[in-house]
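Working notes, beginning with the structure itself.
The values are calculated or read from the model by the stated rules, or taken from the named source; none is laboratory data. Source: prediction; values computed, not measured. Keep in mind that these areas ignore ligands, DNA and RNA; they rest on the heavy atoms of the full protein, side chains included. Shrake-Rupley method; radii C 1.70, N 1.55, O 1.52, S 1.80 Å.
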Amino acid sequence: MDGFDLLLSKQPYMAGSQLTLPDLFFLPYGQGITQLGYDYLTNETKWPNVARWWKDVSSREAWIAVKDGIPTTGIPT
């Protein structure tokens, strides 16, 4: 986590200034460890840059739709 925090202290996302595949790759894993009660991604005291990044990527509308299940109402089956 210290390495991720150092990386994210220099740039807003894993691979630079824009959201890219590396950021998206961590979303399901991050969601899982957060749901298990671990604070690796939310501990603003120990890893402030990771917490900032996690708050940003995990609060995106598209991720929330996927995480919560995209409604299928009106979609033909």
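Given only helices, namely DSSP H runs of n ≥ 4 each adding -39500 (n - 2.57), what is the per-residue ellipticity at 222 nm of the chain, to the nearest 500 deg cm²/dmol?
Working: 4 runs with 41 residues, N = 77.
When only DSSP H runs of four or more count, the value is -16000 deg cm²/dmol.
Please give the solvent-accessible surface of residue 39 in Å², to the nearest 10, using a probe radius of 1.4 Å with every protein chain present.
Ignoring ligands and nucleic acids, residue 39 comes out at about 70 Å².
Quick one: with all protein chains in place, what share of the accessible area of the chain is carbon or sulfur, to the nearest percent (1.4 Å probe)? Working shown, then result.
Working: 3260 of 5450 Å².
Carbon with sulfur: 60 percent of the solvent-accessible area.
What base-10 log of the normalised intensity I(q)/I(0) is obtained for the chain from the Debye formula, alpha carbons as equal point scatterers, at q = 0.13, 0.18, 0.20, 0.21 Å⁻¹?
-0.42, -0.72, -0.86, -0.93
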